[in-house]
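Encoded as structure tokens, the structure appears first; notes follow it.
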Amino acid sequence: DPTQTSTLYANPISISQTTTLKAKAFKTGMAASDVTSATYSFAVQVSNLSQLRQQNPDGETIYNVTGEVILSYYQSFRYQKFVQDANAGILIDDYSHVISTNYNIGDGITGLSGKISEYNGMLQFVPVANPGQPSSTNNNVVAVTATLADLTANFNNYESRLVSIENISFVNSAIDTFAVGTVYQLSDGTNSFNFRTSFYDADYIGGFLPTGQVTIACIPHERTDGQF
């Protein structure tokens with residue numbers, strides 16, 4: 001903390017890395033002020049989501065994604081958004097509604113700034129600033145094709161990305177309709193994987209489970225009770 005013999009502020013202070021500054025005022029015949037402090041943070045720049053996912057999810061470091069990402073899905077719960085680029089995806093958990101701009105699926109977003117952390121095994125991005133208007137619109141959200149075996153072996157490669165899985169079936173269940181927060185089993189005849197109705201706003205909620213082999217578009221995610 002500053003003392004009466006510390007460096008006297010006389011000119012603007014130049015900083016180029018994350019720094020905490022402290023100040024205290026002294027005047028003859030008067031009690032000294034309290035110590036005031038402020039931390040100035042410089043974001044670590046990454047060019048894409050693959051690089052972002054390789055960083056330390058300490059929940060403190062601020063990252064700036066310089067490349068464009070595409071919105072693939074959003075829901076009202078916690079103002080969550082899923083974004084992806086050519087090789088990776090991530091969940092934006094925006095509980096404080098920092099991102100006030102209304103985006104549509106297919107919008108491009110450039111300049112995401114925020115922190116990353118893991119919650120129940122799921123990597124999430126917590127924004128610290130609103131990126132502003134879309135950098136592009138009406139982009140085609142490309143789904144990566146995967147098998148159930150792929151998801152089992154390399155789940156993190158697909159987490160938070162739009163994924164297409166072909167030739168799978170819903171295993172017979174006592175529940176014949178889709179209910180919110182419910183787990184159903186998928187099978188391709190050899191491998192199995194769990195499907196969870198985590199998106200309460202999805203238009204299939206209340207509809208009947210499909211019969212026979214189908215292709216589904218999904219966004220793999222993780223919870224304390226497993227990967228879905």
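The values are calculated or read from the model by the stated rules, or taken from the named source; none is laboratory data. Source: prediction; values computed, not measured. A quick note on method: Cβ atoms are made from the backbone with ideal geometry, for glycine too, and the neighbour counts reach across all protein chains shown. What goes into the accessible areas is simple: the full protein's heavy atoms, side chains included, and nothing from ligands, DNA or RNA. Shrake-Rupley method; radii C 1.70, N 1.55, O 1.52, S 1.80 Å.
The C-beta contact set for the range 117-140 (first residue over 15 Å from S100 (Cα atoms), second residue open to solvent by 40 Å² or more (accessible area, probe 1.4 Å) and not in a strand (DSSP E or B), distance under 7 angstrom, 6+ apart or interchain) comprises S117/P57; E118/P57; N120/T224; L123/R53; L123/P57. Residues that are assigned to a loop (DSSP other than H, G, I, E, B) and either open to solvent by 50 Å² or more (accessible area, probe 1.4 Å) or touching a Ser or Thr at 6+ places or on another chain (Cβ under 6 Å) (or both): does the range 73-85 have at least one? Checking the range 73-85: at least one residue is assigned to a loop (DSSP other than H, G, I, E, B) and either open to solvent by 50 Å² or more (accessible area, probe 1.4 Å) or touching a Ser or Thr at 6+ places or on another chain (Cβ under 6 Å) (or both).
Give the residue, chosen from A146, A179, that is of a type in the set (G, A, S), at pLDDT 95 or above and more than 20 Å from L112 (Cβ to Cβ).
Values: A179 fails: at pLDDT 95 or above.
Exactly one of A146, A179 is of a type in the set (G, A, S), at pLDDT 95 or above and more than 20 Å from L112 (Cβ to Cβ), namely A146.
A single member of L186, L112 is over 24 Å from S50 (Cβ atoms), touching a residue at least 12 places away in the same chain (Cβ under 8 Å) and of a type in the set (A, V, I, L, M), and it is L186.
The residue pairs whose first member lies in the range 199-215 and is under 16 Å from G181 (Cβ atoms), whose second member is in a loop (DSSP other than H, G, I, E, B), and whose beta carbons are closer than 6 Å, counting only pairs six or more residues apart or on different chains, are F199/Q75; Y200/V180; D201/Q75; Y204/F178; I205/F178; I205/V180; G207/F178; L209/D176.
Can you tell me how many residues within the range 1-57 are more than 30 Å from I116 (Cα to Cα) and either loosely packed, with under 14 Cβ neighbours inside 10 Å or of a type in the set (A, V, I, L, M, F, W, C) (or both)?
Matching residues across the range 1-57 total 23.
For every residue, the table says whether it meets (1) of a type in the set (S, T, Y); (2) over 27 Å from N56 (Cα atoms); (3) touching a His at 6+ places or on another chain (Cβ under 6 Å).
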{"position": "I116", "(1), (2), (3)": "no, no, no"}
{"position": "G121", "(1), (2), (3)": "no, no, no"}
{"position": "S135", "(1), (2), (3)": "yes, yes, no"}
{"position": "N139", "(1), (2), (3)": "no, yes, no"}
{"position": "T145", "(1), (2), (3)": "yes, yes, no"}
{"position": "E159", "(1), (2), (3)": "no, no, no"}
{"position": "S173", "(1), (2), (3)": "yes, yes, no"}
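In this structure, does L209 turn out to be open to solvent by less than 70 Å² (accessible area, probe 1.4 Å), aliphatic (A, V, I, L, M) and within 19 Å of I90 (Cα to Cα)? For L209, the condition - open to solvent by less than 70 Å² (accessible area, probe 1.4 Å), aliphatic (A, V, I, L, M) and within 19 Å of I90 (Cα to Cα) - is not met.
From the list I116, I99, which one is buried (at least 18 other Cβ atoms within 10 Å of the Cβ) and either modelled with pLDDT under 95 or not in a strand (DSSP E or B) (or both)?
Details: I116 fails: either modelled with pLDDT under 95 or not in a strand (DSSP E or B) (or both).
After applying the criteria, what remains is I99.
Within the bounds of the range 177-186, is there any residue that is farther than 27 Å from R78 by Cα and touching a helix residue (DSSP H, G or I) at 6+ places or on another chain (Cβ under 6 Å)? Checked the range 177-186: no residue is farther than 27 Å from R78 by Cα and touching a helix residue (DSSP H, G or I) at 6+ places or on another chain (Cβ under 6 Å). Would you mind finding the one in G106, G111 that is at positive phi, outside any loop (DSSP other than H, G, I, E, B) and modelled with pLDDT of 95 or more? Just a single option satisfies the conditions, and that option is G111.
All conditions in (1) open to solvent by 80 Å² or more (accessible area, probe 1.4 Å); (2) more than 25 Å from F208 (Cα to Cα) hold for G132, with the sole exception of (1). Could you list, in sequence order, all residues of the range 150-178 that are over 15 Å from R223 (Cβ atoms), open to solvent by less than 40 Å² (accessible area, probe 1.4 Å) and of a type in the set (A, V, I, L, M, F, W, C)? Correct list: L162, V163, I165, I168, F170, F178.
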